[in-house]
Structure formats: C-alpha cells, structure tokens
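The values are calculated or read from the model by the stated rules, or taken from the named source; none is laboratory data. Everything numeric in this text was worked out from a predicted model, so none of it was measured. Quick reminder, even Gly has a Cβ in these numbers, built from the backbone with ideal geometry, and neighbours come from all protein chains shown. These accessible areas exclude ligands, DNA and RNA; they are computed on the full protein's heavy atoms, side chains included. Shrake-Rupley method; radii C 1.70, N 1.55, O 1.52, S 1.80 Å.
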Amino acid sequence: MERDRRVRIYNAHSWTGISLGLFLFTVCFTGSVALFHHELQSWEDPARRLAMPETPIPVQPLVDEWIGEHDPANVTFLAVHMPDYYEPYYIGFANVRPAEDEPAEFQSIRWDATSGEILPNREDGLSTWLLDFHRDLMWPDSLGGRQIGRGIVGIAGVIMLLSIITGILTHRKILKEFFTYRTKKTVRVKWKDAHNFLGIWSLPFSTMIAFTGAWLGIVVLLLPITAMLVFKGDTEKVVEVVAGAPAERAGISAPMISFDEIATRRHSETGELPVYILSNFWGDQNAEFTLNYKPQSKLYYYVSERVSAVTGERLPPTGLDEPSAATRTLAALSPLHYGTFGGAALKFLYLGLGLATSVMIALGNMVWIER
C-alpha cells in the first residue's frame, strides 16, 4: 500500500512537470533575466542615463502647457512621476477624452527636469518584453487581454507548487540527496541527481517564487470571478465593497494646488517626499491627490496618502490603504517575488537561484524523456 501511494505521488510529480515543463521553464527563465529590467532599460534608453537634477525646474507649467488644450472635465486622471535614480526626469500621465461621449485615451510625456525639454518617448525594448512576457505572456486582447495571461501565469505557479510538494513526498532520502551526484552512472542517472540536487538546494526559493507568483497571477482573476458570482458581473461593485465608494465630480470648478506645491508635502509618519502623484477630477471641487511615497520597509512598493487637491486636507484612507497585518502581507508579495527589497547582491542571488530552478525543471523533463 505504501509503495502504491509513493508510485502515485511520483507519477503526479512526473506528469505535472512534463505537462507544463517547457512553459514553467520559460516563465522562470524570463523572470530571472527580467530582474534586471531597470538596468537593461538604462542601456536601451539614453534619457535614463541623464544626471539626477540638483534643483529641478517647476513641473506645473509643463503640465499646464501639455493638457491646457483639453477641457478639465475630459481629463479622467492626471499624474506626475518625480525624478528618481532610474528615471531622472519628469513623466506625465493622463487619460483624456477627446470629446464628452468618446472613450478616454491614455497619454504620456517626458520632460528634462533641468531644461523642461520634451524627451522623446522610446518604443518598448527587450527589457520590457521580457518583463511583460514573464508577467502576462503578452496575451492578445482578442483572447481576453493580459489579465487572462497573468491568470495563466498564476495557474502555472499553482502547478509548480504542486510539483514541489509531490517532489518532496517522493524523495524519502532528501537529506542524503543534498550531496549526491553519481558521475560514473548513466546520463539519465546524472540528470536525475542534478535535478534532485538543484531542486533541494533551491527549494526555499522556488517555493517562495511559486507561491508569490501564483498569488500575483490568480488575484487578477478574483475580481471578475467574484463579480460574476456575487454581483452579477458588476466589477465596480466589488471594488466599491473592498476599497469604499469612489468619489464623484462635483461639477464645480475650483483652483488646484500645484503639483510643485504638493510635491513638497512629506509623509505624515516617514517624512519622505512623494515620488508619484496622481490626481483625479483635475479642476473640480472634489479633486483628490494620491501621494505615493517610498516606504521605510522595502517589502512595499509604495505607501500612499490621499489629500484634497483644493484644500490640501488629508482624506481618510480607503480599505486597501488601512495599515494592517493583511495589507502589509499582501504588499510584501510583489517585492518579494521580484527581488526589489534589496540591492544588486540580492538581484544576483535571485538570478542564480532562478537559473538553477530553470535548469532543474529542464533536467526533470530530460529525465522523463530519457526514461
């Protein structure tokens, strides 16, 4: 009975690996290289190699000139990314409706933070392609868009977790296999020993990557699934329940606090300056700023605060911004998966472990094929 159970677990491990082995290898390999997408982008784009400005010029006149030709009521949102180490220039983002009844169009622009000169936008290069392929397979819009692609990558993470669990249950002498490599055996035995060796040594890393990747991928499917099951397909209702009711335009024009003034507003607890400023309902009495700050803990992407764009008064946080064990845990998953919470040494460690995981998957498939 014990032997039959082990055979079934081994078969589950083998078929899990061989059915999606090439796909898992591709996702792991592209993810390993995409760790350095910022560095690759600096190589691809000369603007990213500009010197960090000591005294940036005001950005508000640049924004006004850019969107001044549009009716403020047709500007769905407006955002500015402040100069930082990787992008030492201003970046403007906007969703603008050409006319009242037409869909909004996304626009972006880059300005030299020293001269105000418009920097040319460059097409996406290899770095962006690798990152996008790893995250969502660049899934075509005709087949459901990249949300579906990211969900498929998340399912691959679940399959990888299943493969890890069945692999652990299959190897009864797991401690012995830490140091086992039989050089005088057949090619298949060498491949198997190398597969086991790499799998055991990279086990904590591959388990973490599989779990965080599964969550980050599948979570994008939870919104439409929940909307379909609970709210009859109304995704906006799901967002309202989780994040609170969204603000609406008052329809009354009001003067806005400038981006330059709000960029000097430090976080109420950390004292950091905002690195990304988003404005909803620009020019309206109910306009808001969402100020994104670099967190003190690097296991976060951003820490946010909401303020009125008219009075500067701090607004209460939404459900997703409330500090709690759950939100802190969820906020840590993405930096943990992409290795952004450390420096270059951590990235190279992730690279080595990621490539080891990729080779381990390839060797497992070769063992099956040889068998």
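Here the Karplus curve 6.51 cos²θ - 1.76 cosθ + 1.60, taken at θ = phi - 60°, turns the phi angles of segment 339-345 into couplings of x, 8, 8, x, x, 5, 4 Hz, with x standing for Gly and Pro.
Of the residues Ser206, Ser115, the one with the largest accessible area comes first in the ranking Ser115, Ser206, computed with a 1.4 Å probe on protein heavy atoms. Return the long-range amide H neighbours of Ala113 (sequence gap of 5 or more, or a different chain), with a cut-off of under 5 Å between placed amide H atoms. So Ala113 has HN proximity to Tyr90. Using θ = phi - 60° in the Karplus curve 6.51 cos²θ - 1.76 cosθ + 1.60, the 3J(HN,Hα) couplings for segment 83-97 round to x, 9, 4, 7, 10, x, 8, 7, 10, x, 10, 7, 10, 10, 8 Hz; x is entered for Gly and Pro. With a cut-off of 9 Å between beta carbons, the residues surrounding Asp132 carry a summed charge of 0, where Lys and Arg count +1 and Asp and Glu -1.
Keeping the other protein chains in place, figure out the carbon and sulfur percent of the accessible area of segment 324-371, with a 1.4 Å probe. Its accessible area is 74 percent carbon and sulfur atoms. Expressed as a whole percent, the accessible surface of segment 18-176 that belongs to carbon and sulfur atoms is 61, based on a 1.4 Å probe. Using C-alpha pairs under 8 Å with a sequence gap of at least 6, the mean separation divided by the residue count of segment 55-211 gives a relative contact order of 12 percent. The Cα atoms of segment 73-138 give a gyration tensor whose axes a ≥ b ≥ c have a/c of 1.5 or more with a/b no greater than b/c, which makes the shape oblate. The residues neighbouring Tyr300, those whose beta-carbon lies less than 9 Å from its own, together hold a net charge of +3 under the Lys/Arg +1, Asp/Glu -1 convention.
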